[in-house]
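A quick write-up on the structure given underneath.
Please treat every number below as a calculation from the coordinates, not as lab data. These numbers were taken from a predicted model, which means no experiment stands behind them. When we count neighbours, we look across all protein chains shown, and the Cβ atoms used for this are built from the backbone with ideal geometry, even at glycine.
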Amino acid sequence: MLIFANVNTAIEQIWANKLRSVLTVVGIVIAVTSTITVVSVVQGFTGYVSDFLQGLGTNAMWIWPERPGGEAGKRLGRVTLDLRDVEALRAECSTLRSISPLIPRPSVAVALGRTEITTQLEGVSAEYHAIRNLPVEVGRPFAFLDVERRHPICILGREVLRKLDAGDDLVGRTLLVDGRRFRVVGILAEKGSVLGNSLDDLVLIPYTVAMTMYPATRTSIALTARAFDEEQVPEAKAQIVSLLRRRHRLEAYQPNDFQIRTQDELLTAFNSISIAATAVLAGIVGISLLVGGIGIMNVMLVSVTERTREIGLRKAVGARRRDIMLQFLTEAVGLSLLGGGLGVGLGYALTAIVSLHPQMVDVAVPLWAVALGFGISAGTGVVFGILPALKAALLNPIDALRHE
Amino acid sequence: MIADDPLPLDTPATVGESPPVILLRQITKTYLMGTEKVRALDGVDLRIDANEFVAIMGPSGSGKSTLMNIVGLLDVPTSGQYWLAGRDVARLSQSEQARERGRRIGFVFQTFELLPRQTALRNVELPLVYSGVRDRRDRAVEALRQVGLADRMGHRPNQMSGGQRQRVAIARALVQRPALILADEPTGNLDTRTSGEILDLFDDLHAKGQTIVLVTHEPDIAARCRRVVRLRDGRVESDDPSGPDGGTVSC
């Protein structure tokens, strides 16, 4: 009963002072808008990246040579990881289903006729397709023989094709990669982009060929490997570490001269980025809520003063302190929910605008973010509405009725 | 002063009879003005029975307003006893005071005190909101009919004349079927003709059995009442049960 009457009065008051109400809640609007937008975008990226990493397989691992930091690192000899290591891993690690060297070159020149473009190159093995989940759409993948016999063949990503202004008929033709002739045998299926980087701007060649072209990479090979299943990942990791340490003759006190990362660890690393983004968000939201809350408190104090006689009258006709308290709290919460509503609307709009960017990942506003937006705004209303409501409730009815 | 009190101190209600609407015994009220104590009321005894129509008069500073505030449960006496419709109300808690005030007393103010954005009907419903009555609309319509405003229910205060506004305020006072209507200078903001109409309405309500206490400083308004209580310096100066004009009024 009283609740209905309170809500009614609150709506009337807010509506009667439209401009004042809207100006009052700007702080809350900013808080809720940023919550909705940032949460949605971070969620979008997290979802995309974790899908991407999941797509690589939960049992995938990456290994690369790296000199450890500090004094211990400086005292190590040459830091290497070569083909004999790869063969040893392949032969001795029982938990590994497959393993592929990965020789990345971030920038190579590709020429087709007179067109010359720059792209990135990866020297890989035949197993690489399966490990990285890079299916070939047109043509064929690498065969073991291609790698073993160092066939000068390549597989192109879709973006490279676009840059070369060529179609699927490029398969079977020859182009130049860093001045060497390669025959195109396949085209990869489209992968899209992550954080604005196209995953299709890529040329694959057999790693054996890459090692011939770029001799420096022979002793500095990166690897991707895959355990038989997820449960075996920790054991696989242990096997790799133990084998490589043994082969590199590292003493017990010496640190690893290589790095090994599992898909799980990459996911954790990425999650820590989104936690950082969330922390920044929390700062913005906290400050705007404080500003918004003080705005609400201020306008409610003004409202209490303006309506002192009304409060006196209400008390004269039987309103108890808690009735008046509730009425003004309802009004403060109504105001803040107005801010929350506007913020949610604006958040949706901003998210929609952000999604228009062509390289943006799919962004959806999660329902819990909307609930959170309304929750924090209602909470602000309660916290900052208490003081004005108390002031109203404690007014002496005689003085209130005599108030000019 | 009440010369002879028919009721024992601890049992204000006589068995078999309806209790007096108001029974005040030795009510005092002292304020602290800076360091000086001011006695606004200095031992007031007053008994008002059901269906009385009483004017309380007195110059400013006589304690008239203080007495009205105490009778209206807007204030508590410093000492003394107060029974309202048989219930000891001198030392109620804040929320009980509000409850009793809402149920037993209907206020009518000089400046009407209507909520400007609400219709007459909603204004009249207001006391029922706080007492949790369910059929608010019916009761409010009934009260507006009693004051002759059944056709103005949807109007806002700014669409009505002063007299109509005061009628809405009286309907609001009536809607709880209070033991007592407490009117503080109800005609102070109205012209003579409209004042007459409002007083006619009070007469009418009185004839139907309503107990009314009217606070005023105008003798010709007080003349319309059946009994006039005069205050001076916080005491009852005179209590004339036959009206100011020497008992010519018929009941």
Original post:
Counting only DSSP beta bridges with both residues in the protein assembly as shown, what percent are antiparallel, rounded to the nearest 5?
Top reply: 70
**OP:** For the stretch A:191-339, state what percent of all Cα-Cα pairs lands in each successive 10 Å bin, counting from 0 Å until the bin that includes the largest distance.
**Re:** 8, 17, 19, 13, 9, 10, 11, 9, 4, 1
Subject >> the stretch A:114-128 - phi-based ³J(HN,Hα) in whole Hz, Karplus 6.51/-1.76/1.60, Gly and Pro as x >> reply: 9, 7, 10, 10, 10, 8, 10, 10, 10, x, 9, 9, 5, 6, 4
**OP:** List every residue whose amide H lies under 5 Å from the amide H of B:G106, counting only residues 5 or more places away in sequence or on a different chain, with H placed 1.01 Å from N in the peptide plane.
**Re:** B:L180, B:I181, B:L182
Original post:
Quick one: A:E235, B:E125, fewest Cβ neighbours within 10 Å first, how do they rank?
Top reply: A:E235, B:E125
Original post:
Helix A:233-247 versus the longest principal axis of chain A: what angle, 0 to 90°, nearest 10, using Cα atoms?
Top reply: 40
Subject >> Column: log10 I(q)/I(0), Debye, Cα scatterers of the stretch A:47-149, q = 0.17, 0.18, 0.20, 0.24 Å⁻¹ >> reply: -1.10, -1.17, -1.28, -1.39
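Calculate the dipole size of the protein assembly as shown relative to its Cα centre from +1 charges on Lys and Arg beta carbons and -1 charges on Asp and Glu beta carbons; express the result in debye to the nearest 20. Spell out each step's value before the answer.
Details: 73 positive and 70 negative charges, 264 e Å.
I would put it at about 1260 debye.
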Original post:
Within 10 Å of each Cβ of B:123-130, how many other protein chain Cβ atoms are there on average?
Top reply: 5
Original post:
Once the dipole of chain B is set up with Lys and Arg at +1 and Asp and Glu at -1 on Cβ about the Cα centre, which of B:N123, B:G43, B:S238 lies farthest towards its positive end?
Top reply: B:N123
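If N is the number of residues in chain B, what value comes out of its Cα radius of gyration divided by 2.2 N^0.38 Å?
Values: Rg = 18.0 Å, N = 251, 2.2 N^0.38 = 18.0 Å.
My calculation over the Cα atoms of chain B gives 1.00.
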**OP:** Please give the helix A:367-393 orientation as an angle from the longest Cα principal axis of chain A, in degrees from 0 to 90, rounded to the nearest 10.
**Re:** 30
Original post:
What's the angle, to the nearest 10 degrees (0 to 90), between helix A:26-55's Cα axis and the longest principal axis of chain A?
Top reply: 20
**OP:** Give the Rg (one decimal place) followed by the Dmax (whole number) of the stretch A:60-261, computed from C-alpha coordinates and expressed in Å.
**Re:** 18.1, 57
Original post:
Considering the alpha-carbon set of the stretch B:96-147 alone, what are its Rg and its Dmax in angstrom?
Top reply: 11.3, 30
**OP:** Give me the Debye-computed log₁₀ of I(q)/I(0) at q = 0.19, 0.21 Å⁻¹ for the stretch A:253-404, equal point scatterers on Cα only, no solvent, two decimals.
**Re:** -1.12, -1.24
**OP:** Output ³J(HN,Hα) for the stretch B:119-135: one whole-Hz value per residue in order, computed from phi by the Karplus curve 6.51 cos²θ - 1.76 cosθ + 1.60 with θ = phi - 60°, and x for Gly and Pro.
**Re:** 5, 3, 4, 5, 4, 6, 5, 3, x, 5, 4, 7, 9, x, 6, 8, 8
**OP:** Tell me which residues come under 5 Å, amide H to amide H, from B:V215 once H is placed; ignore anything under 5 positions away on its chain.
**Re:** B:I56, B:A183, B:D184, B:E185
Original post:
Which value, in debye to the nearest 20, describes the size of the charge dipole of chain B about its Cα centre when Lys and Arg Cβ atoms bear +1, Asp and Glu Cβ atoms bear -1, and nothing else is charged?
Top reply: 1060
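About its Cα centre, what dipole magnitude does the stretch A:60-261 give when the only charges are +1 on Lys and Arg Cβ and -1 on Asp and Glu Cβ, stated in debye to the nearest 20? Walk me through the numbers before you get to the answer.
On the way: 29 positive and 26 negative charges, 138 e Å.
Magnitude of the dipole: close to 660 debye.
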Subject >> Under the Karplus curve 6.51 cos²θ - 1.76 cosθ + 1.60, θ = phi - 60°, whole-Hz ³J(HN,Hα) for the stretch A:275-287, x wherever Gly or Pro sits >> reply: 5, 4, 4, 5, 5, 4, 4, 4, x, 4, 4, x, 5
**OP:** Have a look at A:Q259, A:A319, A:A10 and report the one farthest towards the positive end of the charge dipole of chain A, computed about the Cα centre with Cβ charges (Lys/Arg +1, Asp/Glu -1).
**Re:** A:A319
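Reported to two decimal places, what Rg/Rh ratio describes the stretch A:316-356 when computed on Cα atoms with Rh from the Kirkwood expression?
On the way: Rg = 17.6 Å, Rh = 12.5 Å.
With Rh from the inverse mean 1/r over Cα pairs, Rg/Rh is 1.40.
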Original post:
Which listed residue (A:V177, A:A189, A:A126) has the Cα farthest towards the positive end of the charge dipole for the stretch A:118-191, taking +1 on Lys and Arg C-beta and -1 on Asp and Glu C-beta about the Cα centre?
Top reply: A:V177
Original post:
In terms of modelled amide H atoms, which long-range or inter-chain residues lie less than 5 Å from the amide H of B:H155?
Top reply: B:A120, B:L121
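What ratio of Cα Rg to 2.2 N^0.38 Å holds for the stretch B:79-204?
1.08
May I ask you to work out the translational diffusion coefficient for the protein assembly as shown at 4 °C, viscosity 1.567 mPa s, via Stokes-Einstein with Rh from the Kirkwood sum over Cα pairs, reported in whole µm²/s? Write down the numbers at each step before the final one.
Numbers: Rh = 32.6 Å.
D, rounded to a whole number, is 40 µm²/s.
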Subject >> Cross-link reach list, lysines versus A:K315, counting only Cα pairs under 30 Å and skipping chain neighbours closer than eight places >> reply: A:K18, A:K391, B:K29, B:K37, B:K64, B:K208
